Every structure is written in structure tokens, then in C-alpha cells.
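Here is the structure we will look at.
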Amino acid sequence: MNEIGEFSLLLALFFATYAMVVPVIGDRLGKWQMVASAEYALVVVFGLHITAAICLLVALYSGDFTLDYVYSYTNRDLNWLYKLSAFWAGQKGSLLFWALILGFFATIVLLQNRDRNRTLMPYVVSIISATLLLFCLLTVFSAPVFEKMPFIPSDGHGLNPMLQNPGMIFHPPTLYIGFVAFTIPFAFAMSAMITRNFGDIWIRTTRRWTIFSWLFLTIGNLLGANWAYVELGWGGYWAWDPVENASFMPWLTCTAFLHSVMIQEKKDMLKIWNVTLVAITFALTIFGTFITRSGLISSVHSFGKTTVGVFFGLFLIGVIIFSTYLIITRASDLKSSNELDSVLSREASFMFNNLVLLGAAFAVLWGTIFPVISELIRGQKITVGPPFFNQVMVPIGLLLLLLTGLCPLIAWRKSTTINYLKNFIVPIAITFIGAITILFNGITEPLPLASFTICIFVGSTIVIEIMRGIVSRAKTAEENYIKALINLFWRNKRRYGGYIVHLGVVFFFVGLTGAYYNTETEKTISPGERIEIKNYVLTYYKYDYTKPNETLKKLKATLLVERDGEKVGYVQPERNIHFSKDIRGRLAPQPTSEVAIYTTPKEDLYVIFASLNEDESATFKVHINPLVFWVWVGGYIMGFGSILAIWPDSREKKRFLARHAEA
Amino acid sequence: MLVVAIGYLIFTGVQVSSSYYYTVSEVVSMGNKVQGASLRLEGKVSPGSIQADHGNLNLEFDIFDDSEKSMPVVYKGIIPDLFQENLDVVVEGTVGQDGKFHADRLLTSCPSKYEAAAQDTSPN
């Protein structure tokens, strides 16, 4: 089996090379058979990677410890789900997984474009294959997943207990899918530049891919945050670690791109800008992988040092040179026919939103690579920590949130002052009342007050906009309000999907702002004693000791929770000791904390069982994290909105055709 | 204007939160000069040096680097799950008058989020 897998990877390398080189030659010579053969070659690469993936999964499932990878990430006691998810738990497997998804997406692109975009396709195939080739090279030379152990151990090393959490099964693949999907818009954009198709064909073709990528980046980041929150046990969900920043930066630029393409579609402007954004976002997806796997930036979770980083670095340089060259040589043809009509037009406000998003991405980038920059310039390695990011990103974030409310209210082109007053007067009135209400409810600090006020403003603009739509539809179509709401959303999926995403952003910010009021305490207490924090009282009741299997010992503490003097339940934080077998079969202990979280919409009570002492006293760390619940709620609303926005829409197509028929 | 604003934010942000990255031997050789400065120190936990008082959440240990120089570290707070001898750790804090490193933060770089932990048990 393993030999089959290894051989498939090697073969894939040759087919990917073929699919990269041949379509370009075929197009230049006008030989369509050559292009077609390259498309088949690309599908073959996908098939070969499926074969390799099956071989690896079989090895993981059956516990074939002759393989170094299987030994390193699994053991006999591991749940079969974690055995299979070890596929992407390690560097080597994750690279194959990445190649597999890219092959899958490439196959879908080929099916979608059998009869469309034929002038673009040779280059699309070539660019996707070039990216695929990178992963083929890595899986063959740099990180061979089928590498054998020097001898056959009786049991595996086991999966890091921190990774044995459902969030970890879904988090990495979700992010990978987000990263990989962005290859498609990049390939189409660059192909459009090469073939001098300067219209918005490439944008229309890849709009869904872009939102799809954005959706997975959003969910992937959230799952990561959630995993950190429930598993790492430090009470927070985001630490501005380089690895987190690596996936946050492309998210920011992708968001910018999603907005600016609308300007090109509707007004035929910002062409150079859009191509640049695609290139930057794609480069950032590679860059993120590069810094985390090259060891260039030290992170709390960096990968083992291998030559993988070198390959990514070289590829990154290639991407930058290639796209810069294309943009510069095509710049004169990309000049827009339209100019900005007014500073107060929607185009201008979108442009502003774009600049802020890009500025945010730049700030994150700067903070992330600061140790490297400072070492180059001053010969002194200096790091900036979370305070840097908080200081820079909080104002930028609030500005972005405000724009989320303002932009949709501003009409395309120039609008009159009367128009603005009409649009803004109700939301401003609501915001004013809301701000006073929260002020009198004890939110007096400027930062949270500002944040909540902007949240109310943005939320009210969206709700009013939706209500206005419902009322007018109910009137014209003679429907009741619920039916009008459903029809309104269903018939304008893209627009209302966008509004729902914005609504999610509002909830998300409400949750983020809660962090301003985080409190924590740490105390060692004996059974019967209490910890008081804010309006909560926790009474340490008892602890239990169990040993479910040979490689796990569990310690569970039980605490009674009272809020405002009333009993609300029990929390049971755990302290587990996992034993991983080393190569000689000895057991090495590794403790992990399983935090207990008591969630309400108002706040999370977050309890960590830090240690148990000889006299039965135990140390607990307790956090009260207000409003965290809304971070996840906001995230899922964003996800739902973007799914609505990519849902196939026949009316959208008709509207588009009608608009272009007129023009 | 926007560029200036973001530039300003970045500049002031760097001012407030930069901490100098040092190796153990650098700090040892600089002696008193670095007292009080905000530092970030990387090294390995010396075997046999760990003294933990779980009740008071007080941890003392030495860290060393390739040059075999070592530095005593004092840390108050919850001991990270992965903390053990020979592990790569990052401590953030200041060098006190007692010549010890007083850490406010102790980060265990688990060899990776994705790579298995406890690499020290592998053969070679």
C-alpha cells in the first residue's frame, strides 16, 4: 500500500509539470488538443493524490507503525476519528491534504469551464498546476509522508493531547480550504492579464470562489479561536500569534477585494486595484504558510524546521515577481474609463473601506515580521506583543465597523444632502437613545462606550434597510411581512447575504468589546472553601480520580456555582495526565487542563483546575469573560450570510444579462 | 491622511510594546545593564532545576542555551501544561536586582500546534 502511495506522489509530480508547461505551448501554437491533454493531466494529478491519500488513511487507521508519520501522530489507544484526522495533524500530511483539495477544486473549475472562458483556460490550468507542482515537490522531496521508520515500534507516539479536541479535527482543514480556494481567483485574474481580457469576466467567473474562500477563512479562524479558548486554558481566544496573524491577513485583504470588485462590476473602475488585491491576498496565503513553516518568525506553535519553508519562500518570490510584472505591463490598458464622481459617493466610501482594510493587514504584517525587520535594520531582535496589536487594531477595527454602517447608506455616484439626511436621521436617533441607555447602565469608559454605540448605529441601519425592503415588497407584491421577508432575501441573495454578514460583524464586535471587562482571580482552596469573583461565588466541593485507560489519568474537580446568591449549577474543570509512549515503550506524562465553561449570553464563567496539592487543597484560576457568546454567534451569522450570498441565483444572472444588454 | 494615521498608530504601538529578544548568554554577559528593561528570553529548562510551589503558584527554574550559560527565572502564576525539563520556553519580564529573571509570562513553545510534543523522547 505505502509503495503505491509513494509512487502516486512521484507520478503526480510529472503530470503536474506537464499540466503546467503544455497548455501554454498549446495556446501559443494554436493546438487545442495540447490544452485538452493538459486538462486531463491535471485531473490525473488529482486522481493520484486521491490514491496517495487513501493509502495514508489506511495506514493511519490500521496503525501501520512502519511509517514515521503514523508513528509520530497516532497510537493504538487513539479514537479512530483522531487517527484519521492525523492526516492533516502533521506537516507532511497537511501538505498532501493541501494538494488534494487544490486538485479537487481544479477539477471543478475544469468542469465548470468546459465550454466557457476558453481563451483564459490554458493559463488558468497552467497557473493552478504551477501551484500544485509546489505541493508535489514538497510531498516528494521535502516532506515525504510515506517515509519509513528505521525499525518497527510496537506502538505509536500518540497525538498531542492538545490536538485531541473536535475543534482540531475541523479547524486546520477549514483554513486550508480557505487558503487553497483563493488559488482559483488568482489563476483567473492572472490569466485575464496574460490574455489581455480586461473586462470583468474573471471577476464574474470567480466571485463565488472568492466568497467561498472568505467563508472558509472566516470559519477557520473562528474554529481556531474557539479551540484556543476551550483547549489552551488561558482564558482568551486570540493572542496575535504569528500563526493566527498568518491566516488573519489574507482574510483582511480578501474582505477588501470582495468589496472593491463590486465597483468594477457596476462602474468599471478600480481594475488595477482589484488585480493587485487578488495578487496580494494570494501572496499572503503563501506568505502565512512560509513564515509559520520556515522558522523565520518564532511562534508558540512553529513547525519542525525543514526545507519546506525554502520551497514556500521561493514560490512566494515567484508569485510576487510574476504578478508585479503582469500588473505593470498591463497597467496602461487597465486605466478606468470612469472617474470618481464625488467624495461622498459609494465608490469613494468603498475605496476608503479598502484602504482601511489594507492598512489593517499592513499593521498586522508589520507587527508579525517586526523581529526580522528590526534585526535587519538595527541588528537587534525586537518583538512586539499583543499590546501593539491591540493599540493599532482597536481604532482601525472601530473605524471599519463604522464604515460597515455608513457605506451601504451612501448611494452610488453623487447623492444630495437631502438624501443623506433621510437615510441617516432614524439610525442616528436610535443610536443616540441607545448610547444614553448604555451610559446609564454603567458603561462609562470611552472605548467600550464608543464600540457599543457604533454597534447600535450599524445594527440599526441594517435592520431599517431590511424593514424598508420588507414593507415596500409587502405593498407591491401584496404579501404578508414574513413572506415578503423570505422573498426579499431569496430574490436578492447577494445583497441581503451581504447585510446578514454585516449584522454578524456587529454581533462579533459586541463580543469583542466584552473583553474590555474581563476579570480573573487565582486562589488555592481546600474542599468547602470559596472563591468570590464579581457576582459569582464558587465553592470547592470535591475531586474525583479516574483512569479510563493505560495512557490517561483524569482528575476532576467539582465546584458549586452561585450567582447573586442563587445556585445555578456545578462546574467540573479537569486536569488530565496523558502518557505518550516513547520509542522504547516508556510512558512520558503530559498534563492537560480541560477547562469548564459556564456560558450565558451575558458572560462566560471560565474555570481552570491548575493543580491539586498533597493536602487535598486545589488551585483554581477563574475568569469572567463578558459577552464571549456573541463572538461565536456573530461568526456563525457571518457564515450564514456568505452562504446565502453564494447560493445559485438565476435572477441575479438575468439581471446581469439585462444590464449588459442595455449597455 | 489615512496612511499617516495608521503609520502613527503603528509607530506608537511599537514604542509601547516592544520587548528585546535576547538569548540567555547575551543577558548574562550584559550583567546589570539590562536591569529593569522589558525583555524576552529564549532557552531550555535546565534538568533538575525546577522548584514548584503549586499552592502559592510560585515557580523557580534555570534556563540555559547552546552556550551552556544559564539564568535563574522566577515566575508567579499558573504553570503551563507542557512545562517540563529540557523544554524550549520563552519568558517575558525583567531582570531584577537579585540577578534573577522575573517573568510575567511563561510560554512553552510546544514544538508545534501540529507536531507532536515531547520531541526529547525520540531516539538519537
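Summary table
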{"quantity": "Dipole-positive endmost among A:Ser611, A:Pro527, A:Ser472 within chain A (Cβ charges, Cα centre)", "calculated": "A:Ser472"}
{"quantity": "Chain A, helix-only ellipticity at 222 nm - DSSP H runs n ≥ 4, -39,500 (n - 2.57), divided by all residues, nearest 500", "calculated": "-21500 deg cm²/dmol"}
{"quantity": "Calculated over the range A:1-164: convex hull of Cα atoms, volume per residue (Å³)", "calculated": "103"}
{"quantity": "Vicinal HN-Hα couplings computed from phi for the range A:2-18 (Karplus, 6.51 cos²θ - 1.76 cosθ + 1.60; Hz; Gly/Pro x)", "calculated": "4, 5, 4, x, 4, 5, 4, 4, 5, 4, 4, 4, 6, 5, 5, 4, 4"}
{"quantity": "The range A:141-226: Rg to Rh, with Rh as the Kirkwood radius over Cα pairs", "calculated": "1.21"}
{"quantity": "For the range A:1-164, size of Cβ-based charge dipole, Lys and Arg +1, Asp and Glu -1, in debye", "calculated": "540"}
{"quantity": "Linear extension gain, A:Glu265 paired with A:Ile486, 0.36 nm per residue minus alpha-carbon span", "calculated": "76.9 nm"}
{"quantity": "Calculated FRET efficiency for the pair A:Ser37/A:Thr521, C-beta based, R₀ 51 Å, to 0.05", "calculated": "0.15"}
{"quantity": "Inter-probe distance in nm under a simple model that places probes 7 Å from Cα toward Cβ, at A:Arg118 and A:Leu10", "calculated": "3.9"}
{"quantity": "Partner chain coverage, peptide A:191-202 - average Cβ within 10 angstrom", "calculated": "0"}
{"quantity": "Magnitude of the charge dipole, the protein assembly as shown, Cβ model with Lys/Arg +1 and Asp/Glu -1, debye to 20", "calculated": "3400"}
{"quantity": "Viscosity 1.002 mPa s, 20 °C: Kirkwood-radius Stokes-Einstein D of the protein assembly as shown over Cα pairs, µm²/s", "calculated": "75"}
{"quantity": "For the range B:20-113, Kirkwood radius (reciprocal of mean inverse C-alpha pair distance, Å)", "calculated": "13.1"}
{"quantity": "Nearest-0.05 FRET efficiency for A:Ile152 and B:Lys76, computed from C-beta distance (R0 56 Å)", "calculated": "0.75"}
{"quantity": "Partner chain coverage, peptide A:86-92 - average Cβ within 10 angstrom", "calculated": "2"}
{"quantity": "B:Asp53 versus B:Lys33: modelled label distance in nm, points set 7 Å from Cα along the beta carbon direction", "calculated": "3.4"}
{"quantity": "Computed E for B:Val16/A:Glu375 - FRET, C-beta separation, R0 22 angstrom, nearest 0.05", "calculated": "0.65"}
{"quantity": "Length added when fully stretched, A:Phe440-A:Tyr61, from 0.36 nm per residue minus Cα-Cα", "calculated": "130.5 nm"}
{"quantity": "Residue-averaged beta-carbon neighbours from other chains (10 angstrom radius) around B:17-25", "calculated": "5"}
{"quantity": "Extension reserve of the A:Phe141-A:Asp544 stretch, reckoned as 0.36 nm per residue once the Cα distance is removed", "calculated": "140.1 nm"}
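Rule-based calculations on the coordinates, nothing more; no lab input. All figures in this text were calculated on a predicted structure; none of them were measured in a lab. No Cβ is skipped: glycine too gets one built from the backbone with ideal geometry, and neighbour counts run over all protein chains shown.
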